[in-house]
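**Student:** A single structure is presented below for examination.
The values are calculated or read from the model by the stated rules, or taken from the named source; none is laboratory data. Quick caveat, the model's predicted, so the values are computed rather than measured. All Cβ positions, even for glycine, are placed from backbone atoms using ideal geometry, and neighbour counts span all protein chains on display. Areas reflect the complete protein model, heavy atoms only, side chains present, ligands, DNA and RNA absent. Shrake-Rupley method; radii C 1.70, N 1.55, O 1.52, S 1.80 Å.
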Amino acid sequence: MSAFSRSSCPPRSRPSQRWRLRCLFSIGTGLVLATGALLGKVSRLYPVPQPIPNGNFGVDVDPVHDEGILGSGLIPSRLSVGRQPTLLQPGMISSRDAYVKVRSRRSPKFDSRSLHPLFRKYRYDMLAEMRAYAEGKTESLAEKEESSSATRQLSLTERAFRQADEFQGLLAEKDVTQASGAGGVTSYKGLLRADALWSLLRNTETKQPPEFVRRVRGADAGTSLDEYDAVICGGTLGIFAAMALKSKSPNLNIAVVERGELRGRDQDWNIARSELARIVEYGILSREELEEAIAIEFNPMRVGFKTPTEKGFSVDVQDVLNVGVSPKKLIESTKQRFLKAGGSIYEKVSIEGIDIAEKGVTVKCSSLAPEKDRTNLPGTFSLSARLIIDAMGGGSPLAKQARSGKKPDGVCIVVGSCARGDVFEEKNKEGGDLIYSFTPVVKVPTLADGETFMSKDGSTSSKPPPFSRNSSSEMQYFWEAFPASSGPTDRTTYMFAYLDTHPSRPSLQRMFQEYFKLLPEYQGWNGSVEELMDADRLQFTRMLFATFPSYADSPIQYPRSWDRITSIGDASGVQSPLSFGGFGALLRHLPRSVNGISDSLDKDLVDRDSLDSLSPYLPNLASTWMMQRSMSAPVTDDGNMMLDIFRPSLLAQSSQGPNLIASILANTFEQMLDLDKGKGDKLQPFLQDVVQPDGLLGSLASIVAKKPQSVPGIIRHVGPGPIAEWVKHVSFMLLYALGNSVLSERNLRDQISRALENDPKAVFKFNRLLEALEYGSGGDFESEPGRQPPSVRQE
């Protein structure tokens, strides 16, 4: 074998597989670190604008080579520069709202001038602009955005709100000075806030609200600023109940707590004279003071439902919501009269909670007024009372806690406006509309075109929140209109609909788009809203919007441990799901509420068992839920097979489907009017939210007898469950009517009262039973004396 054979040569050294992997890993790691360092250096030097919540921008400033910026006053010299970025707050830079990010540099050898010329020029331009802004020579980016938004094309909704704000002399930031209550806030920001709350209600599961009412141990709930017989929470409508109680029992010491300033808004409240008479009857105002608050009175009011496939129904009625009162005058007169009678009013005071003890209840309050404006009132304080009366409306924190945050069973969504122009002059001469419909059921998207979303911090964006979706649902629109007291060419118009809280239901912004689209057809105009605004023939003076929740388990029932608490008005749930509630609902139940509360305080019956009789079951109120159901269109296309079976789409049915709701209402009202041969004695109570068994059952029986072919469609639309519930409530309404008729005999009432006279609580409950029988059967209705009968309108 050769000496130089391969086997005899020493083995050549070869790299192992592990060594190769180690080398490759080291090279790769080095490349990654080098690339990261380069990118990091570029990212630190390249001044990428950083978005700030309010729309301004920040820029990285090099503290080594940008000493001129630091020393120019753009960045305060007292600012210490560390390794972490520092975000300056608004107002720290030349009293402006610019934002600057200051970042430290690890190496003092860093030189921004070594950057690429393009980067260097961009950096120079940004810093030069910041210097100029600090010296007041240019606008900030936020100011530029605001000025550009003024010139961009506004949506019709935003344009109308801006015009109304200019008329009212309001800035969007000042809507806190507007009147309290539903419809009190009318700015565009208020609309976005209301829309955000409405979206949350539709799209998220409700949670148990924070504890607002507590039951505490001991006889007393603690020390307080003052003691009262009753404290009324919520003054816009609570002031009327307070004055009525004071008039009935002058020795009662009563206080009213109002979160804002206790004053009325500029828009008229419409009501009937028969209901308004209770203000004089219960000593709230004198007849002369009431007449001074009446701003306008007109007749007739139209009730109509147009259906393309049938003749429809249209009739003019008299003395229903035909009186417009000035809330500003009405509330101010009542307020001054209450103060003269010895009452107490706490304005700009927020109620933070209520503690119930054995011998009293305490309201925890905090003043919202600036310290300089307070008159002998601490920042936080408590008021103690024997009884708390909740008058804070449908959004009351007491009602939310009592219902455990339950979603409402129904909602009446309303949008509208007060406007003026020659286009209204002829319409105002014809009177107003109580309820009118001229369109069939339509499919409406959830969101408006170009919808704006408001977050919790008040910032706005065109990007919807994660839970929001743009779907669609079927809707039936109704309209209401009144001549306004502010001028012969001023008119208030509402568009509203009855619905549930399904996520597909439309936003308020979408409702406004529908409102502006349909308003010209409703009012009989030749041009569009934009064209009339451009021609100065239409000016919006006030925009209106609200969502009125309602619950099937109304009036509200409080937990058994809630002694010494009762409620009035919308907070008690006595409003019909078909109405807007508010002032009318309060006055309708004022006799029952005032008599019961006064009696409970006189006899010191403030335990839960006694107070529950102030909120009794009212079958005629409960029966209106089937009507609310029949007037609302279903949700479709959401994949719920059971919903499609028991409440199918109206648009997917025959030609009668889209007009079914209008047809149901037209037939019902027509038959109700025919029951008394056109006199209107059966129709009138129903139009004022007082349901009576003879009118309701008589009209439905006539429909079944005269138009039996319409019954299957009604049953399919309403559903078997609501119909079964309705039958139960109507049965109780008949029993209530019978009991009210029997116990209306004075002698029988007196005999029962004498038999119970040794038991004050039994007498108290008997009196409440009599009121429940009267109101629960519609026996409380008082017709306007000398009222003209309805007249059929030919259209």
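**Student:** Could you state the accessible area per residue of region 504-562 in Å², with a 1.4 Å probe and every protein chain left in place? Mind dumping the intermediate values first?
**Tutor:** Working: 2210 Å² over 59 residues.
I get 37 Å² per residue for region 504-562.
**Student:** Which listed residue (Ile356, Thr375, Gly393) has the Cα farthest towards the positive end of the charge dipole for region 347-398, taking +1 on Lys and Arg C-beta and -1 on Asp and Glu C-beta about the Cα centre?
**Tutor:** The listed residue farthest towards the positive side: Thr375.
**Student:** Right, next: In region 464-545, which chymotrypsin sites (Phe, Trp or Tyr not before Pro) fall in coil by DSSP and have 12 or fewer other Cβ atoms within 10 Å? Could you put the intermediate results ahead of the total?
**Tutor:** Numbers: sites: Phe467, Tyr477, Phe478, Trp479, Tyr494, Phe496, Tyr498, Phe512, Tyr515, Phe516, Tyr522, Trp525, Phe540, Phe545; in loops: Phe467, Tyr477, Trp525.
Within region 464-545, the qualifying chymotrypsin sites (Phe, Trp or Tyr not before Pro) (loop, at most 12 other Cβ atoms within 10 Å) are Phe467.
**Student:** Report the gain in length on full extension from Lys406 to Val711: 0.36 nm times residue separation, minus Cα-Cα distance, nm rounded to one decimal.
**Tutor:** Numbers: separation 305, 0.36 × 305 = 109.80 nm, distance 3.31 nm.
Here the segment from Lys406 to Val711 would lengthen by 106.5 nm.
**Student:** Using 0.36 nm per residue, how much length does the chain from Glu358 to Arg374 gain when fully extended, once their Cα-Cα distance is taken away? List each step's numbers first, then the result.
**Tutor:** Details: separation 16, 0.36 × 16 = 5.76 nm, distance 3.21 nm.
Length gained, Glu358 through Arg374: 2.5 nm.
**Student:** I've got another one for you. Would you please give the FRET efficiency between Glu521 and Lys328, computed as 1/(1 + (r/R0)^6) with r the Cβ-Cβ distance and R0 = 25 Å, to the nearest 0.05?
**Tutor:** Working: r = 33 Å, r/R0 = 1.33.
The value I calculate is 0.15.
**Student:** Next question. At q = 0.13, 0.26 Å⁻¹, what base-10 log of I(q)/I(0) does the Debye formula yield for region 236-323 when every alpha carbon is treated as an equal point scatterer in vacuo?
**Tutor:** For region 236-323 at q = 0.13, 0.26 Å⁻¹, log10 I(q)/I(0) is -0.61, -1.32.
**Student:** Using 0.36 nm per residue, how much length does the chain from Phe467 to Glu281 gain when fully extended, once their Cα-Cα distance is taken away? Spell out each step's value before the answer.
**Tutor:** Values: separation 186, 0.36 × 186 = 66.96 nm, distance 5.12 nm.
Here the answer is 61.8 nm.
**Student:** If the label point is 7 Å along Cα→Cβ of Leu769, which residues in region 566-600 have backbone nitrogen under 13 Å from it?
**Tutor:** It comes to no residues whatsoever.
**Student:** So what are the ³J(HN,Hα) numbers for region 742-759, from phi and the Karplus equation (6.51, -1.76, 1.60; θ = phi - 60°), rounded to whole Hz, Gly and Pro as x?
**Tutor:** In residue order, the calculated couplings are 5, 7, 6, 5, 4, 4, 5, 4, 5, 5, 5, 4, 5, 5, 9, 5, 7, 10 Hz.
**Student:** Something else: Averaged per residue, what accessible surface does region 649-751 expose to a 1.4 Å probe, in Å²?
**Tutor:** Working: 4870 Å² over 103 residues.
Ligands and nucleic acids excluded, the figure is 47 Å² per residue.
**Student:** To continue, here is another question. Probe of 1.4 angstrom, ligands and nucleic acids ignored: what's the accessible area per residue over region 432-500, in square angstrom? Intermediate values should be presented prior to the final figure.
**Tutor:** Numbers: 2590 Å² over 69 residues.
Per-residue accessible area for region 432-500 comes out at 38 Å².
**Student:** Pop a pseudo-label 7 angstrom from the Cα along the beta-carbon direction at both Leu651 and Leu697 and give the gap in nm to one decimal.
**Tutor:** With each label placed 7 Å out from Cα toward Cβ, I get 4.0 nm.
**Student:** On the protein heavy atoms, probe 1.4 angstrom, tell me the percent of accessible surface of region 274-393 carried by carbon and sulfur.
**Tutor:** Values: 2280 of 4980 Å².
Percent of accessible area from carbon and sulfur atoms in region 274-393: 46.
**Student:** How large is the dipole of region 727-795 about the Cα centre if only Lys and Arg carry +1 and Asp and Glu carry -1, each at its Cβ, rounded to the nearest 20 debye?
**Tutor:** On the way: 9 positive and 10 negative charges, 39 e Å.
Around 180 debye, computed over region 727-795.
**Student:** Take every Cα-Cα pair in region 382-488 and report what % of them are more than 24 Å apart. Let's see the in-between values first.
**Tutor:** Numbers: 3358 of 5671 pairs.
Value for region 382-488: 59 percent of Cα pairs lie more than 24 Å apart.
**Student:** If you don't mind, there's one more thing I want to ask. Could you list, in their original order, any pairs among Lys364/Lys406; Lys328/Lys463; Lys335/Lys682; Lys246/Lys329; Lys328/Lys765; Lys679/Lys707 whose Cα atoms are separated by more than 31 Å? Let's see the in-between values first.
**Tutor:** Values: Lys364/Lys406 25 Å; Lys328/Lys463 40 Å; Lys335/Lys682 37 Å; Lys246/Lys329 20 Å; Lys328/Lys765 37 Å; Lys679/Lys707 23 Å.
In this structure, Lys328/Lys463; Lys335/Lys682; Lys328/Lys765 exceed 31 Å between Cα atoms.
**Student:** Follow-up. State the percentage of accessible surface on region 479-554 attributable to carbon and sulfur atoms; use a 1.4 Å probe and exclude ligands, DNA and RNA. Display every interim value, and only then the final one.
**Tutor:** Details: 1060 of 2400 Å².
Carbon and sulfur: 44 percent of the exposed surface of region 479-554.
**Student:** Tally up the carbon and sulfur contribution to the accessible surface of region 672-720 as a whole percent, 1.4 Å probe, everything protein left in place.
**Tutor:** Values: 1400 of 2220 Å².
Of all accessible area on region 672-720, carbon and sulfur atoms account for 63 percent.
**Student:** OK, next. Applying 1/(1 + (r/R0)^6) with R0 = 41 Å to the Cβ-Cβ distance of Thr206 and Asn747, what FRET efficiency is obtained, to the nearest 0.05?
**Tutor:** Numbers: r = 51 Å, r/R0 = 1.25.
The computed FRET efficiency comes out at 0.20.
**Student:** For a quick check: with amide H placed at 1.01 Å from N, whose amide H comes under 5 Å from Asp226's, ignoring anything fewer than 5 positions away on the same chain?
**Tutor:** Close amide H contacts, sequence-distant or interchain: Ser384.
**Student:** Let me ask something additional. When the C-alpha atoms of region 536-628 are aligned to their principal axes, what extent does each axis show, in angstrom, from largest down?
**Tutor:** 62, 30, 23
**Student:** Round to the nearest 0.05 the FRET efficiency obtained for Leu756 and Asp534 when R0 = 56 Å and r is the Cβ-Cβ distance.
**Tutor:** 0.20
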